[in-house]
1. Can you find a residue in the range 198-208 that is polar (S, T, N, Q) and touching a helix residue (DSSP H, G or I) at 6+ places or on another chain (Cβ under 6 Å)?
2. Taking only the range 153-181 into account, find how many residues are crowded, with 24+ Cβ neighbours inside 10 Å and touching a Leu at 6+ places or on another chain (Cβ under 8 Å).
3. Across the range 396-416, which residue is surrounded by the fewest Cβ atoms within 10 Å (Cβ to Cβ) among those that are assigned to a loop (DSSP other than H, G, I, E, B) and not acidic (Asp, Glu)?
4. Determine which single condition Asn361 fails, assuming it passes every other condition in (1) surrounded by fewer than 24 Cβ atoms within 10 Å (Cβ to Cβ); (2) touching a residue at least 12 places away in the same chain (Cβ under 8 Å); (3) not in a loop (DSSP other than H, G, I, E, B).
5. Being under 27 Å from the mean Cα position of the chain (by Cα), charged (D, E, K, R) and at pLDDT below 95, is that true of even one residue in the range 269-289?
6. For Leu104, state whether it is more than 18 Å from Ala349 (Cβ to Cβ) and outside any helix (DSSP H, G or I).
7. Which one of these is buried (at least 18 other Cβ atoms within 10 Å of the Cβ), farther than 22 Å from Asp163 by Cα and among the polar types (S, T, N, Q): Ser203, Ser221, Ser210, Ser240?
8. Restricting attention to the range 42-97, and to residues there that are among the charged types (D, E, K, R) and outside any helix (DSSP H, G or I), which single residue is surrounded by the fewest Cβ atoms within 10 Å (Cβ to Cβ)?
Amino acid sequence: MGQLNASVRYSLGMEASTAVETATATEPVFTLALTQDQKDVRDWVHGFAKDVMRPAASEWDEKEVTPWPIIQEAAKIGLYGFEGIAQFFADPTGLTLPIVNEELFWGDAGLGMAIMGTTLAVAAIVGQGTGEQIGHWIPRCYGTPDEVKVAAFCASEPNAGSDVSQIRTTAKFDDTTNEWVLNGQKAWATNGGISDVHVVIASVDRELGSRGHAAFIVPMSECKGITQGAKVSKHGLRASHTADVYLDDARIPADYVLGGKEKLDERLARVREGKKAKSQAAMQTFEASRPTVGAQAIGIARAAYEYALEYAKEREQFGRKIIENQSIAFALADMKMEIDAARLLVWRASWMGRTGQRFDNAEGSMSKLKAGEVATWATERAIHILGGNGYTREYPVERWHRDAKIYTLFEGTSEIQRIVIARAISGMHIK
């Protein structure tokens, strides 16, 4: 499958859509049987991950720079770009996007994040933007196959990670010029400073806490007040660019706030009157993306499991294959079981999100929590199975272990996910 074309585009005639149509409005069908289209996409992405990403993974991990040639290769076949991501999102079952992410991150997590990092900004634009904003900005996030671009989502700050209420970046409206003026510092931004399109979470009214936040489009090609700060040297995901972003009287037009200024003014007015806000800019994006992030972690865990399994079937000690030892065999059995369990949680949350189901028990957070912890655990088990070899850079499991750790930290630490779940199941504000 050389490129994303009509054979994998989703329409109301495909199997999954037919199943959904035959269900009642209150009981959407959930099935683990993938359609032929989903299988084709999975195999196509797996081929790219195996043939393009895996051979280059160690090189780009060592270089610690953005792998533009790999991103361009993905763009040339339609894997990276507006049309491709739109088709992944369009699957009515919600499963294609996590499937794509799992396969990419099975190939390599650093390269996978370089390819998929843009989607966080895209998710914010799709989730909060107007139709006009979506049509204008999302193509600019990707550029063209000949001149690829990336986009950045800028929420975290040096003193505002898990606690988004502590965001100090401000957005003030200048009535004399009809512009927003942004000031502040963003931290740990994937693609920060190397992107044209930056989606920046800023406080419009600090007295309202996180309810006073809004998301703004800040394009570097049009705005002189945005600059890249220090690039972060990371433990893992080293082929993915992470940096601070500075905003110094960054001026943008009034309509560059996602959803439009009129809608923002109406929301803030409701909050000031004591009414409940419908959403919070940063948390809305994170909640929508958590199952996809979980799928990425599963890809890493699966890579480590598969490698350790083959190694154990070939490696001999004391006159027999090491998999013949129960301690090794049981560890591999547990790895397989935990990975499959995590995938089921991710698929459930992805299906629920796509079909409009309520996350009454924080199912999105459950999926990310489980997948992230399975990835760190499974990659450590893989190192243990390989023994001394697993600790060397000659074998990929040490890189996968480094890459996996971030999945218990970013987009909500494991502790934050547990708080979210505990609040959902108890109905109480647990701190």
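The values are calculated or read from the model by the stated rules, or taken from the named source; none is laboratory data. Because the structure is predicted, anything quoted here is derived from the model rather than measured. Glycine gets a Cβ as well: all are built from the backbone with ideal geometry, and neighbour counts include every protein chain shown.
1. To start, the set of residues in the range 198-208 that are polar (S, T, N, Q) comprises 203.
From what is left, the residues that are touching a helix residue (DSSP H, G or I) at 6+ places or on another chain (Cβ under 6 Å) are 203.
Yes.
2. Here the count works out to 2.
3. Step one: list which residues in the range 396-416 are assigned to a loop (DSSP other than H, G, I, E, B), which gives 396, 409-413.
Now restrict to residues that are not acidic (Asp, Glu): 396, 409-410, 412-413.
On the way: Pro396: 20, Leu409: 17, Phe410: 19, Gly412: 25, Thr413: 15.
In this case the residue turns out to be Thr413.
4. (3)
5. Restricting attention to the range 269-289, the residues satisfying the condition of being under 27 Å from the mean Cα position of the chain (by Cα) are 277-289.
Those left that are additionally charged (D, E, K, R): 278, 287.
So of that shortlist, the ones also at pLDDT below 95 come out as 278, 287.
Looking for residues that are under 27 Å from the mean Cα position of the chain (by Cα), charged (D, E, K, R) and at pLDDT below 95, one finds at least one in the range 269-289, hence yes.
6. no
7. On the way: Ser203 fails: farther than 22 Å from Asp163 by Cα; Ser221 fails: buried (at least 18 other Cβ atoms within 10 Å of the Cβ); Ser210 fails: farther than 22 Å from Asp163 by Cα.
When all the criteria are applied, what remains is Ser240.
8. Applying the first criterion (among the charged types (D, E, K, R)) to the range 42-97 yields 42-43, 50-51, 54, 59, 61-64, 73, 76, 83, 91.
Next cut, outside any helix (DSSP H, G or I) only: 64, 91.
Working: Glu64: 16, Asp91: 25.
Ranking the candidates gives Glu64 first.
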